[in-house]
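The numbers here are math on the coordinates, done by the rules we state, and not lab data. What you see is a predicted model, and the numbers here were worked out from it, not measured in a lab. All Cβ positions, glycine included, derive from the backbone under ideal geometry; neighbour counts span all protein chains shown.
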Amino acid sequence: MLLSVIVPCYNEAAVIEATHQRLLEVLDGGSIALEIIYVDDGSSDSTLTLIRGFHHQDSRAKVLALSRNFGHQIAVTAGLEQARGDAVVIIDADLQDPPEVILEMLEAWRQGCDVAYGQRTDREQESWFKLVSASLFYRLLNRLSDTPIPLDTGDFRLMDRRVVEAIKLMPERDRFLRGMVSWVGFTQQAIPYRRAARHAGETKYPLSKMLRFATDGIVSFSAKPLKLATWVGVVISSLAVIGILYAIGMRLFTDHWVSGWTFLSVAILFLGGIQLLFLGIIGEYIARIYQQGKERPLYLVADSQGFDDEQDA
Ligand code: UDP
Ligand code: MG
């Protein structure tokens with residue numbers, strides 16, 4: 001039996017050595033053989049040199065270096081495609097996900113569950129803004145999506161080989177892995193844990209990337225925003241019909257005319273705004289069809305070390 005641990009790393013030189021130590025401390029000498037796949041997502045600091053060093057010390061540490069920064073979800077995907085384990089764990093490089101929890105996940109897997117996902121009961125030192133926005137986002141996402149996606153989960157999880165094989169069959173470019181894993185099904189179990197503060201270094205998810213990721217989640221898992229236009233259209237047309245009846249009634253049965261250019265211009269601006277908004281929403285979906293239609297590879301590997309089918313040693 002083999003356990004693969006996938007660690008996506010983007011400029012994590014400040015923390016990666018501590019992470020490697022902790023992973024080995026916790027998982028070394030366990031009842032299951034180990035491979036740790038460090039995916040370097042185009043780091044510009046010394047991350048790649050450090051993880052190459054891990055490989056030279058211990059061949060269970062493997063290095064997959066992407067040709068540039070492709071983003072967290074793609075980096076994890078690259079790791080999943082190389083992983084050979086019977087069970088595969090995804091863990092962040094910054095020790096926010098405590099490696100000790102992997103032991104609990106392994107236990108759940110041995111009891112027969114196919115996915116053991118980490119569920120955050122508590123987050124240390126996260127900003128107020130991040131907590132509130134994350135909580136609202138996951139609730140909105142579940143409202144919209146047909147696939148229930150568990151609240152307060154990230155990508156920290158263990159997956160059985162058959163789940164990994166299923167994920168590998170999903171060629172979508174805009175990857176929202178936590179949703180994709182839920183979609184797969186099989187038996188899934190939550191493992192509660194306290195999410196620690198980042199051990200060192202800075203977050204690699206600034207607000208812009210977080211918004212992009214949130215949009216990916218919604219657009220990849222729901223077509224409901226497209227249908228919203230229909231409902232808003234129905235409501236506005238009904239209002240318009242009421243307005244028309246009112247104007248005709250005033251003209252026929254009273255001496256007053258309905259007048260006022262203020263109302264006219266407000267109505268035109270409002271409708272124009274709504275129309276542009278929905279064009280934008282449609283655009284989000286079309287852009288993804290376009291990107292997907294190009295069928296480019298998801299990522300390119302610049303260099304790898306420690307895998308059997310060596311690309312470039
Ligand atoms: N990451 C990556 N590529 C990116 C951004 C992030 O591989 O373009 C990795 C990063 O090194 C870390 C994980 O994704 O291992 C989560 O990133 P981070 O801890 O910065 O996100 P946060 O925990 O702040 O949401
Ligand atoms: Mg982090």
TODO: May I ask which residue of Trp231, Ile268, Gln119 lies farthest towards the positive end of the charge dipole of the chain, with charges of +1 (Lys, Arg) and -1 (Asp, Glu) on Cβ and the Cα centre as origin?
DONE: Ile268
Open item on the list: Calculate log10 I(q)/I(0) of region 1-137 for q = 0.18, 0.19, 0.20 Å⁻¹, where I(q) comes from the Debye formula with a single equal point scatterer on each Cα and nothing for solvent.
Closed with: -1.07, -1.17, -1.26
TODO: Beyond 25 Å between alpha-carbons counts as too far, so tell me which of Lys62/Lys130; Lys204/Lys294; Lys62/Lys168; Lys204/Lys227 fall in that bin.
DONE: Lys62/Lys130; Lys204/Lys294; Lys204/Lys227
Task: Rounded if a/c under 1.5, otherwise prolate or oblate - region 57-136, Cα gyration tensor axes - done: oblate
Task: Cα-centre dipole for the chain with unit charges at Cβ (Lys and Arg positive, Asp and Glu negative), debye to 20 - done: 1400 debye
Task: Cα-based Kirkwood hydrodynamic radius, the chain, one decimal, Å - done: 22.1 Å
TODO: Provide the gained length on full extension for the span Glu284 to Glu165, in nm with one decimal, where the gain is 0.36 nm per separating residue minus the Cα-Cα distance.
DONE: 40.0 nm
Task: Within region 32-158, percent of DSSP bridges classed antiparallel, to nearest 5 - done: 50 percent
TODO: Using label points projected 7 Å from each Cα along Cα→Cβ, tell me how many nm separate Leu151 and Asn69, to one decimal.
DONE: 3.3 nm
- [ ] Would you mind computing, in nm to one decimal, how far apart the modelled labels at Gln125 and Phe137 are, each placed 7 Å from Cα along Cα→Cβ?
- [x] 2.1 nm
Open item on the list: Need one number: the % of Cα-Cα pairs in region 122-237 sitting beyond the 16 Å mark.
Closed with: 68 percent
- [ ] For n ≥ 4 DSSP H runs only, could you compute -39500 (n - 2.57) per run for the chain, divide by its residues and tell me the 222 nm figure to the nearest 500?
- [x] -16500 deg cm²/dmol
- [ ] Identify which of Tyr193, Tyr290, Tyr299 has the largest mean-square fluctuation in a Gaussian network model of the chain, with springs joining Cα atoms closer than 10 Å.
- [x] Tyr290
Task: Theoretical gain in end-to-end length, Glu100 to Leu300 [0.36 nm per residue, Cα-Cα removed] - done: 68.8 nm
- [ ] Find, among the trypsin sites (Lys or Arg not before Pro) in region 61-147, those assigned to loop by DSSP (not H, G, I, E, B) with at most 11 other beta-carbon atoms within 10 angstrom.
- [x] Arg68
Open item on the list: Treating region 113-160 as a set of equal point scatterers at the Cα positions, no solvent, please give the Debye-formula log₁₀ I(q)/I(0) at q = 0.15, 0.32 Å⁻¹.
Closed with: -0.47, -1.18
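Between the DSSP loop rule and a limit of at most 15 other Cβ atoms within 10 Å, which GluC sites (Glu not before Pro) in region 138-218 are left?
Answer in residue order: Glu172, Glu202.
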Task: Leading residue at positive end of dipole, region 157-197 (Cβ point charges), from Ile167, Tyr193, Gly179 - done: Tyr193
TODO: Restricting to the chain, compute how many DSSP beta bridges are antiparallel as a %, nearest 5.
DONE: 30 percent
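Taking the convex hull of the alpha carbon atoms in region 183-284, what volume per residue do you get, in Å³?
On the way: hull volume 22.4 nm³, N = 102.
Enclosed volume per residue, from the Cα hull, is 220 Å³.
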